[in-house]
Amino acid sequence: MKLKRFLLRYYPPGIILEYEQGGILKTRSIDLLDLSPSTDVDKVVEEITQKEPLITPGKVEQVQKLVARLQEKIGQREDHHYYLFKVLRAHILPLTNVAFNKSGSSFITGSYDRTCKVWDTSSGEEVHTLDGHRNVVYAISFNNPYGDKIVTGSFDKTCRIWSFESGKCYNVYKGHTAEIVCVSFNPQSTQIATGSMDTTCRLWDVEKGTEVGNLSGHTGEIISLSFSSTGSELITASFDNTVSLWDVRSNKRIHTLIGHKAEISSAQFNWDSSLIATGSMDGTCKLWDRTSGRCTATLRGHSDEILDVGFDCTGQRVLTASADNTACCYSAITHQQICKFFGHEGEISKITFNPQGTLVMTASADKTARLWDPDTGECKQVLEGHTDEIFSCAFNYEGNTIITGSKDNTCRVWR
């Protein structure tokens, strides 16, 4: 094995090692999830060099500089105020979803008008209209971090994969017998998972355009899915009140996470895929140990349905958004509530951390999105202007641009 170069990853903090083995270029990562401004850099570097044979004595000084740079980035807390940059009259019918590519230079919008549109973030210009579906385009995603492909899932029961560069459709995946409501690329961008109202999840080969797995076992619609960070496992969340954990290689179910008393609305892995968070219509969020499939905590901070859950980039905090007009932030380690976010006058359907973990964004039926301090629960800014419910919102990778999607048929870019 020969080390070729180091790559820095800011969110979550880590160093990627690019090395050659048997003539093949490979990568592996050193995750520094506990790194903070007060961490002893020398101690961290010592631990890395003890565990990592690729880092020879001659490379130690370079690693020290990289860790120090990561630490400096973590310590930067910008009090950024977001201004409305563009209002995009994106579609002739309401939007369903919005998503950025990795760099945030482009984003996509899905709509009830049966199309997905590709936009240039800096100019607000439409780049492509991805036209071909015969019903609502409900689920959309880039193959981040690469960003050269887009997947769309539709109520027409098909999934399509498109070229970001040309807007041409590469493949149409047929097989589901009901609406597709969630899609995801695996981290390697070699497979796509689709979840459907037909109660199944299907796996597709990106290059060949063929079905490589049919994950059946749920008795209700699948409404959320997520790959683990290695891409070897997948979770599916269903209206049958359960979440299933699957081995992608064998297509076998590893665990069924049973405990919720109503439909699941959202399920997410944390960064290292050691934990799974599930939100339910029963008003609770549960944390599960991925290895054993056991429930390790039930977070009861809401008086109504939980509509969305999410982790910060290191997987140490978990967010919940509810139909009770509030949101909560918890420690994923101690399970204690850190703070509660009060202020919305309608249900909160989406919640997310910025990449740095210093801000929380919520999208609500009250036509606003809000930005919050995750340590204190203080509302830092209200993003106003939409004339109908906001149901989708996203930060770019740097955290300096936001997109919000609304039932008013527009998408707004804030920076």
- Item | For the range 93-188: accessible area per residue (Å², 1.4 Å) | 39 Å²
- Task: Quote the relative contact order of the range 1-139 in percent (integer), defining contacts as alpha-carbon pairs under 8 Å separated by 6+ residues.
- Result: 13 percent
- Message: Using 0.36 nm times the number of residues separating residue 289 and residue 40, minus their current alpha carbon distance, what extension gain do you get?
- Response: 86.7 nm
- Compute, for residue 84, the solvent-accessible surface of its heavy atoms (probe 1.4 Å) with the complete set of protein chains present, and express it in square angstrom to the nearest 10. 80 Å²
- accessible surface per residue for the range 202-276, probe 1.4 Å, DNA/RNA/ligands not counted, whole Å² -> 41 Å²
- Task: Mind listing the long-range amide H neighbours of residue 223? Cut-off is under 5 Å, sequence gap 5 or more, other chains count too, H placed in the peptide plane at 1.01 Å from N.
- Result: 237, 238, 239
- Message: Just to verify a number: what accessible area does residue 382 come out at with the full protein assembly present, 1.4 Å probe, Å² rounded to tens?
- Response: 50 Å²
- Message: Run lengths n ≥ 4 of DSSP H only: what is the helix-derived mean residue ellipticity at 222 nm for the chain, with -39500 (n - 2.57) per run over all residues, to the nearest 500?
- Response: -2000 deg cm²/dmol
- Determine the order of 281, 361, 1 by accessible area, beginning with the largest, at a probe radius of 1.4 Å. 1, 281, 361
- Query: What is the total of Lys pairs in the range 260-415 with C-alpha atoms under 24 Å apart, excluding same-chain pairs fewer than 8 positions apart?
  - Reply: 13
- Just add up the charged neighbours of residue 117: K/R +1, D/E -1, any other residue whose Cβ is under 12 Å from the Cβ of residue 117. -3
- Hey, which lysines would be in cross-link range of residue 2, C-alpha to C-alpha under 30 Å, not counting anything within fewer than 8 residues on its own chain? 26, 43, 51, 59, 65, 73, 102
- Note on the structure: Scoring only Lys, Arg, Asp and Glu (+1, +1, -1, -1) among other residues with Cβ under 15 Å from the Cβ of residue 23 yields +1
- Note on the structure: The percentage of the accessible area of the range 105-200 (probe 1.4 Å, all protein chains present) made up of carbon and sulfur atoms, to the nearest whole number, is 44 percent
- The ³J(HN,Hα) series, computed from each phi in the range 322-335 with the Karplus coefficients 6.51, -1.76 and 1.60 at θ = phi - 60°, rounded to the nearest Hz and given as x for glycine or proline, is 9, 6, 7, 6, 10, 9, 9, 10, 10, 7, 6, 9, 8, 6
- Message: Under 10 Å, Cα contacts only: if you run a Gaussian network model on the chain, which one of 231, 346, 58 comes out with the highest mean-square fluctuation?
- Response: 58
- Message: I'd like the carbon and sulfur percentage of the solvent accessible area for the range 1-76, probe radius 1.4 Å, heavy atoms only, ligands and nucleic acids excluded.
- Response: 47 percent
- Message: Skipping prolines and chain starts, which residues have an amide H placed within reach, meaning under 5 Å, of the one on residue 116, given they are 5 or more residues away or on another chain?
- Response: 130
- Query: If you average the sequence gap of Cα pairs under 8 Å that are 6 or more apart and divide by the length of the range 311-389, what percent do you get for the contact order?
  - Reply: 23 percent
- Any idea what the dipole of the range 102-155 comes to, in debye rounded to 20, about its Cα centre with Lys/Arg Cβ at +1 and Asp/Glu Cβ at -1? 240 debye
- How much net charge surrounds residue 309 when only the other residues with a Cβ under 11 Å from the Cβ of residue 309 are counted, with Lys and Arg +1 and Asp and Glu -1? +1
- Query: Which ³J(HN,Hα) values in Hz, rounded to whole numbers, follow from the phi angles of the range 112-122 under the Karplus curve 6.51 cos²θ - 1.76 cosθ + 1.60, where θ = phi - 60° and Gly and Pro get x?
  - Reply: 5, 7, 6, 10, 10, 10, 9, 10, 8, 5, 6
- Query: Rolling a 1.4 angstrom probe over the protein heavy atoms, how many square angstrom per residue are accessible across the range 286-396?
  - Reply: 37 Å²
- Query: Given a 1.4 Å probe and every protein chain left where it sits, what share in percent of the accessible area of the range 295-370 is carbon and sulfur?
  - Reply: 42 percent
- Solvent-accessible surface (1.4 angstrom probe) belonging to residue 379, in square angstrom, nearest 10: 50 Å²
- Query: How high is the relative contact order of the chain, given as a whole-number percent (alpha carbon pairs under 8 Å, six or more residues apart)?
  - Reply: 10 percent
- Note on the structure: Phi angles of the range 193-202, converted by Karplus (6.51 cos²θ - 1.76 cosθ + 1.60, θ = phi - 60°) into ³J(HN,Hα) in whole Hz with x for Gly and Pro, give 10, 10, x, 9, 5, 7, 6, 10, 10, 10
- Query: Top to bottom by accessible area (1.4 Å), largest first, where do 6, 341 land?
  - Reply: 6, 341
- Sorted by accessible surface (1.4 Å probe, heavy atoms of the protein chains only), largest first, 162, 271 come out as 271, 162
- Item | Within the chain: Cβ-based charge dipole about Cα centre, in debye rounded to nearest 20 (Lys, Arg +1; Asp, Glu -1) | 960 debye
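The values are calculated or read from the model by the stated rules, or taken from the named source; none is laboratory data. Predicted model only: the values in this text are computed from it and were never measured. Positions of Cβ are generated from backbone atoms using ideal geometry, with glycine treated the same way; all protein chains shown enter the neighbour counts. Surface areas here come from the heavy atoms of the whole protein model, side chains and all, with no ligands, DNA or RNA. Shrake-Rupley method; radii C 1.70, N 1.55, O 1.52, S 1.80 Å.
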